[in-house]
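Colleague: After the structure tokens below, expect a handful of questions from me.
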Amino acid sequence: MAQKTISMDLAQQVRQLSIDKVPIKEITRRVGLTRKTVKKYLRAMQLLPSQVEDNSATVVSDKELAVIIYNNDVSPLPGKRIENLIKHFEDAKNELHKPGVKKQMLWAEYLSEYADGYKYSQYCRLFMKFLKNSDPAFHWEYTPGEFIQVDFAGKKLSYIDKRTDEVVWCQVFVGILPFSGLIFCKAVASQKISDFVHCINEMLKYMGGVTKTILCDNLKTAVTRADRFEPVFTEICYRLSDHYNTTFSATRPAKPTDKGMIENAVNIIYTNIYAPFRNETPGSLEDLNGYIRKWLDILNVKPYKGNSESRRDIFERNEKAVLKELPASRFLSKKQKEVTLQRNYYIQLPDNGHYYSAPFEYIGQKLGVYYDERSVEIYFNNERIAIHGRSSTEAKYVRILEHMPANHQHMEETRGWTIEELLRKAGWVGEYTRQTAKRIIHSSIYPEQNYKACNAMIMLQKKYTKQRLENACRRASNVARPTLKLIRNILETGLDKVPELFDEDKTPTPRHGNIRGPKEYK
């Protein structure tokens, strides 16, 4: 059980009696304390500078005395050992903030220098007390909608490329509204300008508004010259500021306390997204972001510890209404390139070497290409003639069928035919046409050899109409092995219009006076 503290008046009496050389036994009698208690407080008072340097009765305030006797109940005795530890703590305090540095590592370095040093548990206890007294924390008061903090997480996430089975590592962008604690997270290929802009666009869309300031670390993408008073931002940040009617601000170099909320948000992301995600195996960047969004939404609606409200609840109630409205369109930052359309009606981009098609009519023309990580737009005389989407799993040649000449389109269609597709097209004409198509396809050992003949038979509907083609296939239904030539001959000669013998004559009998009715046969 902890011992009760004594009043400062009584503590000052104990100190004064000790200075006057009164024995401990007499001190205990005069102040009414036990011998053990008096010795404990006298031992603590030895840390007072006035008492250590000389034996004079220098005045010590109640505050100074309280710090000694109350906050150092288990303080080590003064001496060379504790002096060496304090000296070590002065350097270790700065080292502890560096990435990957742990107290275990600092303690090992301390023991290598001082063999008689403290054990690890005592080292940690004294270190925490040292930090508490030497590094006080500042309490921030956040205003709704004032600013949002952004940064890239130190640890990356990955996906397995479906085409190559390679592991692709991605950067993870994190943003947080300090007032409500609402968090945003997205994975991108890199920290380049195009990905940074994409993350800002997606973050503001997720928040549903714009804060007065966007506070970021000194990223190369955002800051060209770091300075604690006048940092210089990149051109893209100034353009983003103009588009979204906001401002960019940067933290002081090497001052992690300036971005405490985003540092904490990154750790929260590690626990609530990285950890549950460890058992997932996405096959593309899009799949990866799908998993992230799933766990992010769960995190933002999860109630705070000891509170029934979540980040999303506080944001919706207090912060969403004070955010600035988003502009009508998102910010677009595209690279520009002028190219000549090649004979194969493709243009090539320098960033990944992939090819994108344009209408073949513009072969040999100078075209303007505007592109980013998400899309490719192709212009001729300021008129857009083609647009392509981009993804992490796209093929090397990205084409649109309509950009190809007619004969090339036919070649492309032929290469992509399947039995199911051909039978489906034949079924749109009629059941007899589908049956005939099926018999034509399977009339040889290799069905692929009959794809062209089957498709040509189906295309006869364009010349002779669907009904005539269906009638021709009906007439050929009793033929053991129908062919394209047979169906074409039936249509050319008009046999599809001639009734077959087994057809029922549905022509009504004309009325005539000489024709007897049923009553004549009764």
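Colleague: For the residue pair GLU431 and ALA328, what label-to-label distance in nm results when each label sits 7 Å from Cα along the Cα-to-beta-carbon direction?
Modeller: If labels sit at GLU431 and ALA328, their model points lie 5.6 nm apart.
Colleague: If Lys and Arg each add +1 and Asp and Glu each add -1, what is the summed charge of the other residues whose beta carbon sits under 13 Å from the beta carbon of VAL369? List each step's numbers first, then the result.
Modeller: On the way: positive: LYS334, LYS335, LYS337, LYS366, ARG384, ARG390; negative: GLU338, ASP351, ASP372, GLU377.
Net local charge, VAL369 excluded: +2.
Colleague: Counting other C-beta atoms within 10 Å, and keeping those with at most 14, which DSSP coil chymotrypsin sites (Phe, Trp or Tyr not before Pro) do you find in the stretch 169-235?
Modeller: Here the chymotrypsin sites (Phe, Trp or Tyr not before Pro) that fit, given the DSSP loop and packing criteria, are PHE229.
Colleague: Rg/Rh for the stretch 156-275 to two decimals, with Rh computed the Kirkwood way over all alpha-carbon pairs.
Modeller: With Rg and the Kirkwood Rh in hand, the quotient comes to 0.98.
Colleague: Given a Förster distance of 30 angstrom, what is the FRET efficiency for TYR355 paired with GLU448, based on the Cβ-Cβ distance and rounded to 0.05?
Modeller: Calculated value: 0.60.
Colleague: Now a separate question. Taking 7 Å along the Cα-to-C-beta vector as the label spot, tell me the ALA226-ARG488 distance in nanometres, rounded to one decimal.
Modeller: Label at ALA226, label at ARG488, 7.6 nm between them.
Colleague: At ASN478 and SER241, where each label point lies 7 Å from the Cα along Cα→Cβ, what is the point-to-point distance in nanometres?
Modeller: 8.8 nm
Colleague: How much length, in nm to one decimal, is gained on full extension between GLU394 and LYS80, taken as 0.36 nm per residue of separation minus their Cα-Cα distance?
Modeller: 106.2 nm
Colleague: Take the stretch 300-443, drop everything but the C-alpha atoms, weight them equally and run the Debye formula without solvent; then report log10 I(q)/I(0) at 0.10, 0.12, 0.20 Å⁻¹ to two decimals.
Modeller: With one equal scatterer per Cα and no solvent, log10 I(q)/I(0) is -0.65, -0.74, -1.15.
Colleague: Separate question: Hull surface divided by four, with the convex hull built on the Cα atoms of the stretch 80-134: how many nm²?
Modeller: Working: hull surface 14.1 nm².
Reported value for the Cα convex hull: 3.5 nm².
Colleague: So how do 29-36, 292-299, 387-394 stack up, highest first, on mean other-Cβ count within 10 Å? Each step should come with its number before you reach the end.
Modeller: Numbers: 29-36: 12.2, 292-299: 16.6, 387-394: 14.1.
In decreasing order of mean packing, 29-36, 292-299, 387-394 become 292-299, 387-394, 29-36.
Colleague: Indicate the gyration tensor shape class of the stretch 180-228 (rounded, prolate or oblate), computed on the Cα atoms with a ≥ b ≥ c the square roots of the eigenvalues: a/c under 1.5 is rounded; otherwise a/b larger than b/c is prolate and the rest oblate. Please list the in-between numbers first.
Modeller: Values: a/c = 2.15, a/b = 1.27, b/c = 1.69.
Judged from the Cα gyration tensor, the stretch 180-228 comes out oblate (a/c at least 1.5, b/c at or above a/b).
Colleague: I've got another one for you. Determine the shape class of the stretch 417-497: with a ≥ b ≥ c the square roots of the Cα gyration tensor eigenvalues, call it rounded for a/c under 1.5, and otherwise prolate if a/b is greater than b/c, oblate otherwise.
Modeller: Prolate.
Colleague: Further question on the same structure: In what sequence do VAL266, VAL14 fall when counting other Cβ within 10 Å, fewest first? Walk me through the numbers before you get to the answer.
Modeller: Details: VAL266 21, VAL14 24.
The order, fewest Cβ neighbours first, is VAL266, VAL14.
Colleague: Whole-Hz ³J(HN,Hα) for each residue in the stretch 7-23, computed from phi via Karplus 6.51 cos²θ - 1.76 cosθ + 1.60 with θ = phi - 60°, x for glycine and proline: what do you get?
Modeller: Here the 3J(HN,Hα) series is 6, 5, 4, 5, 5, 5, 5, 4, 5, 5, 5, 5, 5, 7, 6, 6, x Hz.
Colleague: Compute the Kirkwood hydrodynamic radius of the stretch 233-298, taking the inverse of the mean of 1/r over all pairs of distinct Cα atoms, and give it in Å to one decimal.
Modeller: 14.8 Å
Colleague: Residue by residue through the stretch 339-351, what is 3J(HN,Hα) from phi via Karplus (6.51 cos²θ - 1.76 cosθ + 1.60, θ = phi - 60°)? Round to whole Hz and write x for glycine and proline.
Modeller: Per-residue couplings from phi come out as 9, 9, 5, 6, 5, 8, 6, 10, 10, 10, 9, x, 6 Hz.
Colleague: Let me know the Kirkwood hydrodynamic radius for the stretch 335-399, please, with Cα pairs as the basis and the value in Å to one decimal.
Modeller: Computed over the stretch 335-399, the radius equals 11.6 Å.
Colleague: Once phi is turned into ³J(HN,Hα) by the Karplus curve 6.51 cos²θ - 1.76 cosθ + 1.60 with θ = phi - 60°, what whole-Hz value does each residue of the stretch 143-158 show in order, with x for glycine and proline?
Modeller: 9, x, x, 6, 7, 10, 9, 10, 5, 9, 5, x, 9, 9, 10, 9
Colleague: Going by how many other Cβ atoms sit within 10 Å of their own, how do SER375, SER194, SER443, SER180 line up, fewest first?
Modeller: Fewest-to-most Cβ neighbours within 10 Å comes out as SER375, SER443, SER194, SER180.
Colleague: If you count, for each residue, the other Cβ atoms within 10 Å and average over each peptide, how do 464-473, 325-334 line up from highest to lowest?
Modeller: With the highest mean Cβ count within 10 Å placed first, the list reads 464-473, 325-334.
Colleague: How far, in nm, would the chain grow between GLN46 and GLU286 when pulled straight, counting 0.36 nm per residue and subtracting the alpha carbon separation?
Modeller: 79.8 nm
Readers should treat all values here as calculations from the given coordinates under stated rules, not as data from a laboratory. Predicted model, so just to flag it, every value in this text is computed and none were measured. Methodologically, a virtual Cβ is constructed for each residue, glycine included, from the backbone with ideal geometry; neighbour enumeration extends over all protein chains shown.
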